[in-house]
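Here the structure is laid out as structure tokens; the discussion comes afterwards.
The values are calculated or read from the model by the stated rules, or taken from the named source; none is laboratory data. These numbers come from a predicted model, not from an experiment. Here the Cβ is made from the backbone with ideal geometry for all residues, glycine too, and neighbour counts use every protein chain on show.
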């Protein structure tokens, strides 16, 4: 099973290779982790949306519906389904409302689109009672306890998930499991062996709860699975919707100068089309703790760890093969890092 997920993750990294230099990916604000085996909704929708340019454009219809409800920010922050509003970590019944389990009622970003009841979520195929190598992404390292729950027999997947739908006791619990890989990369994850519940058939949800022992923060996730004799195969990626659109513009990110506590950056926008381009929008994911304080040659907006710049009146027109650029100043306590992904669209 681990070989299959590694091959899929390698494909995801190759999709970004044309966009990002071969550097370690930096974590985003409020970035911590999510299930990769069995894949959570946010992680598999991220994989479903990967394009050769790094832009995230979901093809799966359930992922598309989630984006329609919550925007694209959850795709770039698939590892941040968390809630720190509790007095202690690990809150479940009475803390996360019914119908909000898959989003964790997050107070970071709007993940509510992933609470939707939809039969078309990407799904992992498993065998009841079998052993499984759980892999939980380690986008940021924290001590704590993982608990995995599963839906009861007869769970109605046409309705939003509630606590009454879940078995009351977790089928797997582990504290501070071993980990591998460089933190804040797709190859970094906590892992442990779990025995899947016996006598399960058909569609279910594995629900993950990661309670930090060093804060009140807890992370949640829904992994759609089907017990049909499978061994970790994933289906539903790219299974519906139109293919990713042809890139309408290209964006290249560079750091032009640095100083203690900050740096200046530049993004070059290129028109690769056979016709002139009118208006453009560039978006990129900020590195951990990074904040953009000013920008020029465009209009800047930020949402969580996502920065967006729209063209100004004087540089919105880009001729065939032509380029324009925008600049920005950012605060960052550590050395500046390449963004995890960057996208350019027009108009």
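Overview of values
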| read-out | value |
| --- | --- |
| Residue within the stretch 217-226 that is closer than 21 Å to residue 111 by Cα, assigned to a loop (DSSP other than H, G, I, E, B) and touching a residue at least 40 places away in the same chain (Cβ under 8 Å) present | yes |
| Selected residue [in a loop (DSSP other than H, G, I, E, B), over 20 Å from residue 45 (Cα atoms) and in the same structural domain as residue 122 (by TED's automatic domain parsing)] from 168, 185 | 168 |
| Enumeration of residues in the stretch 43-52 that are touching a helix residue (DSSP H, G or I) at 6+ places or on another chain (Cβ under 9 Å) and surrounded by 21 or more Cβ atoms within 10 Å (Cβ to Cβ) | 44, 45, 46, 47, 48, 49, 50 |
| Failed item, numbered, when residue 312 is tested on (1) modelled with pLDDT of 90 or more; (2) over 25 Å from residue 184 (Cα atoms); (3) buried (at least 16 other Cβ atoms within 10 Å of the Cβ) | (3) |
| Flag if residue 223 is in contact with a strand residue (DSSP E or B) (Cβ under 8 Å, 6 or more places away or on another chain), buried (at least 18 other Cβ atoms within 10 Å of the Cβ) and not assigned by TED's automatic domain parsing to the domain that holds residue 311 | yes |
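Yes/no matrix, rows are residues, columns are (1) in contact with a helix residue (DSSP H, G or I) (Cβ under 6 Å, 6 or more places away or on another chain); (2) at pLDDT 85 or above; (3) over 21 Å from residue 56 (Cβ atoms):
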site: 248; (1), (2), (3): no, no, no
site: 252; (1), (2), (3): no, yes, no
site: 271; (1), (2), (3): no, yes, yes
site: 275; (1), (2), (3): no, yes, yes
site: 322; (1), (2), (3): no, yes, yes
site: 340; (1), (2), (3): no, no, no
